[in-house]
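Notes follow the structure.
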Amino acid sequence: PVSHKNVKYNCRVIIHNCKILLIRPKMFLANDGNYREMRYFTAWSPAQHVEDYYLPRIIRNITGQTVVPIGDAVVSTIDTCVGVELCEELFTPNSPHISMGLDGVEIITNSSGSHHELRKLYRRIDLIKEATLKNGGVYLYSNQQGCDGDRLYYDGSALIAVNGQIIAQGSQFSLKDVEVITATIDIEDVRSYRGMSSRGMQAVNTDSYQRIEAPIALSSEKNKSFGPACWLWDYLRRSKTSGYFLPLSGGVDSCATAIIVYSMCRLVVEAASNGDNQVIVDARRIIGEKEDSDYVPTDPKEFANRVFHTCYMGTVNSSKETRERAKKLANAIGCYHIDMDMDNAVSSVFTLFNLVTNKTPRFRIDGGTDAENLALQNVQARLRMVLSYLFAQLLPWVRNKSGSLLVLGSSNVDECADINPIGAISKNDLRKFIDYAKNEFGIPILDEFLKATPTAELEPITHEYTQADEVDMGMTYDELSIFGKLRKIERCGPFSMFSKLIHEWGTELRPTEASFIEKVAAKVKRFFYYYSINRHKMTTLTPSYHAETYSPDDNRFDLRPFFIQYGLELAI
């Protein structure tokens, strides 16, 4: 009970780290049968109305707060939105979960006091399933358990439902004072389930709830790391191939891809040790063992050596450091690794070009033009992918095995591969994953990849010059992520992006300085210029694991013509 402005309300109090986030009064009171709530309480009204509640002195001394919100609001965490439904409200025709769901609330919680009657549990289950069947969402239902000191018995049966399906349920009759049920769910299932256009038509006409922000994440960053690994395993077993082939460059991108494959091998070994017969059968088939074989993957390195093949394809422009890093990484994860130089292949292409044109292109540092410099770099990248497919087709044969390999792409080395597990993951997230894997998987060599300067190594290295990705791009990877998210997720064009960045970056810098404004404008122009001239490549992207909305998979989400001409002259 909470008294607000001398009116008593039946409330649920939401608390995080000894701070009251929200006092949520009950809006529909049970006042028939065994219940007479209106003897004591008044129903909160109207819906979605919030006021300030001045805490009593005794509570202020505990929480350090003076005023907290009271009313029909929802709690917004870092990764989702949680709403509150109270007991009787589930049983009413226009339950709050309807409007909350339409307003984007993904998790509905209900702390209930529902007594036992014969067959009443069926009704509860039907109502909870219906609450998430049409609108999608997660429903967490907890119920009192035990005698109320009078004639009623409260029969527990806590429930967790997702998108109309009960995925966890507690016991109905138990002598325990407290019973806790848990379930691991993927919140993306809710977002996917809610993708129907008819729901969107109703959602846009729904009044918004006030959101109370809570500095907490309900999802685990650690578990997210294994999404691409699970995707790779499912792709491999369905493709009926013998494994994966990766051009290992010694840089962060191919390193991250290799670690994802290694984490796949770890998951396979873990599943096999837990007796997952389907994983064991698939593993035997992939490595070429007979069905009646007794092989069971027990060591991720040993399994990686059977299914994962890598190759360092060096040229005269490659450094000793990247070659060594690639070799050390391959040894650390156990994959089958080969090392080669491809200068003869590159020279052959330009020998043929010289025979046809009587011209020999030169790098920029040797006096060549930008066109010559770019062509010399592109040939190396294209030849790496041609050779990758050759080795992917024949390496199993070289090892006296059957089948072929799927070629994995990573952004610094591929033109077009079979699949690209990191194609929708930003450079920043890749670095976080590698840092996590360094400790979790016990691979200290990964620290060298994190400290290394990102480089394509397609131009000659001299004492005065070493090619670097961020220099070539004219922006850092942090800036590139910001630009990409503003363009893709927030749908910013050049001017709106420029305007946002002036204010956002201006909090640390001085937005009134002309040099600052010119630098921001120049970076935005550069980003959109290169985006527009490369947009057509998005229509033929290698399939990649869908990690988040911010990804280069534009042809599925951006239906504009792929040839884009932006007006890039921003008024300053």
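The values are calculated or read from the model by the stated rules, or taken from the named source; none is laboratory data. Fair warning: this is a prediction, and the values are worked out from it, not measured in the lab. Cβ atoms come from the backbone with ideal geometry, glycine included; neighbour counts cover every protein chain shown. Just the protein is used for accessible areas: all its heavy atoms, side chains included, with ligands, DNA and RNA removed. Shrake-Rupley method; radii C 1.70, N 1.55, O 1.52, S 1.80 Å.
Only residues in the stretch 163-178 that are without any contact (Cβ under 8 Å) to a residue 60 or more places away in the chain count as the first member; pair them with residues that are hydrophobic (A, V, I, L, M, F, W, C) and in a loop (DSSP other than H, G, I, E, B), Cβ under 6 angstrom, at least 6 apart or cross-chain, and list the lot.
From residues that are without any contact (Cβ under 8 Å) to a residue 60 or more places away in the chain, the pairs are Ile167/Ala183; Ala168/Ile181; Ala168/Ala183; Gly170/Ala158; Gly170/Ile181.
Within the stretch 192-212, is even one residue open to solvent by less than 80 Å² (accessible area, probe 1.4 Å), under 24 Å from Leu430 (Cα atoms) and under 18 Å from the mean Cα position of the chain (by Cα)?
no
Could you tell me whether the stretch 122-137 includes any residue that is part of a helix (DSSP H, G or I), open to solvent by less than 20 Å² (accessible area, probe 1.4 Å), under 20 Å from Asp32 (Cβ atoms) and not polar (S, T, N, Q)?
yes
Got at least one residue in the stretch 264-287 being surrounded by fewer than 23 Cβ atoms within 10 Å (Cβ to Cβ), modelled with pLDDT under 90, under 19 Å from Leu405 (Cα atoms) and of a type in the set (Lys, Arg)?
Looking through the stretch 264-287, none of the residues is surrounded by fewer than 23 Cβ atoms within 10 Å (Cβ to Cβ), modelled with pLDDT under 90, under 19 Å from Leu405 (Cα atoms) and of a type in the set (Lys, Arg).
So in the stretch 315-359, with the set limited to residues that are β-branched (Val, Ile, Thr) and either in contact with a Phe, Trp or Tyr (Cβ under 7 Å, 6 or more places away or on another chain) or closer than 30 Å to Cys265 by Cα (or both), which one is modelled with the lowest pLDDT?
My answer is Thr322.
Pairs please, first residue from the stretch 33-51 and under 28 Å from Val105 (Cα atoms) and β-branched (Val, Ile, Thr), second anywhere and part of a loop (DSSP other than H, G, I, E, B) and open to solvent by less than 70 Å² (accessible area, probe 1.4 Å), Cβ atoms under 6 Å, 6+ apart in sequence or on different chains.
From residues that are under 28 Å from Val105 (Cα atoms) and β-branched (Val, Ile, Thr), the pairs are Val50/Ala73.
Among the acidic types (Asp, Glu) and part of a loop (DSSP other than H, G, I, E, B): is that true of Glu188 in this structure?
no
(1) open to solvent by 50 Å² or more (accessible area, probe 1.4 Å); (2) closer than 18 Å to Glu213 by Cα: which one isn't true of Ser3, the others all being true?
Of the numbered conditions (1) open to solvent by 50 Å² or more (accessible area, probe 1.4 Å); (2) closer than 18 Å to Glu213 by Cα, the odd one out for Ser3 is (2).
I'm checking my understanding of the structure. Among residues of the stretch 213-237 that are within 30 Å of Val268 (Cα to Cα), charged (D, E, K, R) and modelled with pLDDT of 85 or more, which one is nearest to the chain's Cα centre (by Cα)?
Asp234
Scan the stretch 135-150 residue by residue and report those that are touching a residue at least 24 places away in the same chain (Cβ under 8 Å) and more than 20 Å from Val84 (Cβ to Cβ).
Gln145, Gly146, Asp148
Among the numbered conditions (1) farther than 30 Å from His49 by Cβ; (2) open to solvent by less than 30 Å² (accessible area, probe 1.4 Å), tell me where Asp234 comes up short.
So the condition that Asp234 fails would be (2).
Check whether at least one residue in the stretch 473-482 is outside any loop (DSSP other than H, G, I, E, B), at pLDDT 85 or above, within 25 Å of Pro228 (Cα to Cα) and touching a Ser or Thr at 6+ places or on another chain (Cβ under 7 Å), and report yes or no.
Yes: the stretch 473-482 contains one or more residues that are outside any loop (DSSP other than H, G, I, E, B), at pLDDT 85 or above, within 25 Å of Pro228 (Cα to Cα) and touching a Ser or Thr at 6+ places or on another chain (Cβ under 7 Å).
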